[in-house]
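Engineer: Questions regarding the structure given below will be posed in turn.
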Amino acid sequence: MTTKIVIIDDHQLFREGVKRILEFEKSFSVVAEGDDGSDVIGLVEEHHPDVVLLDINMKDTNGIEATRQLIESYPDTKAMILSIHDDEAYVTHALKTGASGYMLKEMDSDELIEAVKVVADGGSYIHPKITHKLVNEYRRLANQQNDGHGYQQPEVQIPLHLLTSRECEVLQLLADGKSNRAIGETLYISEKTVKNHVSNILQKMNVNDRTQAVVTAIKNGWVEVR
């Protein structure tokens, strides 16, 4: 099946670059482009895309507001934010509004393609760099809940009852905020092999995406928070 995509970004050169990257993937089709969030409803009505990529900063209607409008009118269409901001407040706001993905504009082409595939399949995808920031935010909140006594990292119990030893290594590196490419370089395995490990981890842990896997692992004491 072809995944139909709309790109909305007010920088034409960036938009054209994203389009070129996506069209390398045979299952993707960029059906329309826009330069402001106010374009989103009209473009979705006309082209019925599966995924809409939205810049977070645009002149009239920003990506967050456009996502809200999109989800209200077309809840089955997936929204993915493209941003230069890696602050967890931006990410949290986007996800609460209904975005299924949040990618930094420093992403590489493979990450972009992988993210769109995950979002189109009904999952969520957050840039690996932000995952680590969300882990730190989790620790901060845990600190508050412990009435100032400090976050106590539970003793790490590597989940060999659930995952293989290699999958446990990959899970730890996901918690460290590593991208698939960085994990492959660390473990001296191919990026394709990393993707297979990540898919197996998600299936075995019964979660939809990398971030859920990391949060679940932290709560269960399966990874070291460092």
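Engineer: I want to verify a result. In a Gaussian network model of the chain, Cα cutoff 10 Å, which of these has the top mean-square fluctuation: 167, 16, 111?
Structural biologist: 16
Engineer: Ok, one more. For residue 8, what accessible surface area do you get with a 1.4 Å probe? Give it in Å², rounded to 10.
Structural biologist: 0
Engineer: Would you list which aspartates and glutamates come within 20 Å of residue 26, measuring only between C-alpha atoms, while excluding same-chain residues fewer than 8 positions from it?
Structural biologist: Counting by Cα, and skipping residues close in sequence, residue 26 has these aspartates and glutamates nearby: 16, 50, 108, 110, 111, 114, 121, 191.
Engineer: Taking H as built 1.01 Å from N, whose amide H comes closer than 5 Å to the amide H of residue 30, not counting residues under 5 places away?
Structural biologist: Sorted by chain and number, the residues that satisfy this are 5.
Engineer: Would you work out what percent of the accessible area of segment 24-128, with all protein chains in place, is carbon or sulfur (probe 1.4 Å)?
Structural biologist: On the way: 1990 of 4580 Å².
Percent of accessible area from carbon and sulfur atoms in segment 24-128: 43.
Engineer: Next question, about the same structure. Want the number for residue 46 to residue 166: 0.36 nm per residue separation, take away the alpha-carbon distance, what's left? Don't skip to the end; give the middle numbers.
Structural biologist: Numbers: separation 120, 0.36 × 120 = 43.20 nm, distance 4.63 nm.
Gain on extension, residue 46 to residue 166, equals 38.6 nm.
Engineer: Pull out the extension gain between residue 23 and residue 185, defined as 0.36 nm times the separation in residues minus the alpha carbon to alpha carbon distance; nm, one decimal.
Structural biologist: 55.6 nm
Engineer: On a straight-distance basis, which aspartates and glutamates could pair with residue 59 in a cross-link, Cα separation under 17 angstrom, same-chain partners fewer than 8 positions away excluded?
Structural biologist: Output for residue 59: 9, 10, 33, 35, 36, 39.
Engineer: If you build the convex hull over the alpha carbons only and average its shadow over all orientations, what do you get for the chain? Give it in nm² to one decimal.
Structural biologist: Working: hull surface 51.8 nm².
Taking a quarter of the hull surface, the average projection is 13.0 nm².
Engineer: Let me ask something else about it. Sum up the charges of everything whose Cβ sits under 13 Å from the Cβ of residue 122, counting Lys and Arg as +1 and Asp and Glu as -1, but leave residue 122 out. Display every interim value, and only then the final one.
Structural biologist: Details: positive: 78, 117; negative: 50, 76, 121, 209.
Within the 13 Å Cβ shell, the charges total -2.
Engineer: Where the eigenvalues come from the Cα gyration tensor of segment 165-220, what are the semi-axes √(5λ) of the equivalent ellipsoid, largest first, in whole Å? All intermediate terms of the calculation are to be shown ahead of the outcome.
Structural biologist: Values: eigenvalues 61, 26, 16 Å².
Output for segment 165-220: semi-axes of 18, 11, 9 Å.
Engineer: Continuing with the same structure: Set the bar at 20 Å for Cα to Cα. Now go through 78/105; 4/178; 78/117; 105/192; 96/192; 4/78 and name every pair that lies beyond it.
Structural biologist: Flagged as over cut-off: 4/178; 105/192; 96/192.
Engineer: Given points 7 Å out from each Cα along the Cα-Cβ axis, report the residue 129 to residue 203 separation in nanometres with one decimal.
Structural biologist: Label-label distance for residue 129 and residue 203, simple model: 3.2 nm.
Engineer: Quick one: what do you get for segment 3-129 if you divide its Cα Rg by 2.2 N^0.38 Å? Kindly include the intermediate steps, with their values, before the conclusion.
Structural biologist: Working: Rg = 12.7 Å, N = 127, 2.2 N^0.38 = 13.9 Å.
This ratio for segment 3-129 stands at 0.91.
Engineer: So, with +1 on the Cβ of K and R and -1 on the Cβ of D and E, and no other charges, what is the size of the charge dipole of segment 3-129 about its Cα centre, to the nearest 20 debye?
Structural biologist: 220
Engineer: With an 8 Å Cα cut-off and a minimum separation of 6 or more residues, compute the relative contact order for the chain in percent. Write down the numbers at each step before the final one.
Structural biologist: Numbers: 353 pairs, mean separation 31.5, N = 226.
Averaging sequence separation for qualifying contacts and normalising by length gives 14 percent for the chain.
Engineer: Here's a follow-up. Keeping all protein chains in place, calculate the accessible area per residue for the chain (probe 1.4 angstrom), answer in Å².
Structural biologist: 51
Engineer: Among 40, 24, 52, whose Cα projects farthest towards the positive end of the dipole of the chain, with charges put on the beta-carbon of Lys, Arg (+1) and Asp, Glu (-1)?
Structural biologist: 24
Engineer: Using the alpha-carbon centroid of each, what span in Å lies between segment 51-101 and segment 4-39?
Structural biologist: So the separation of the two Cα centres works out to 15 Å.
The values are calculated or read from the model by the stated rules, or taken from the named source; none is laboratory data. As the structure is a computational prediction, the values presented were derived from the model and not from experiment. When we count neighbours, we look across all protein chains shown, and the Cβ atoms used for this are built from the backbone with ideal geometry, even at glycine. Heads up: the accessible areas ignore ligands, DNA and RNA and are worked out on the full protein's heavy atoms, side chains in. Shrake-Rupley method; radii C 1.70, N 1.55, O 1.52, S 1.80 Å.
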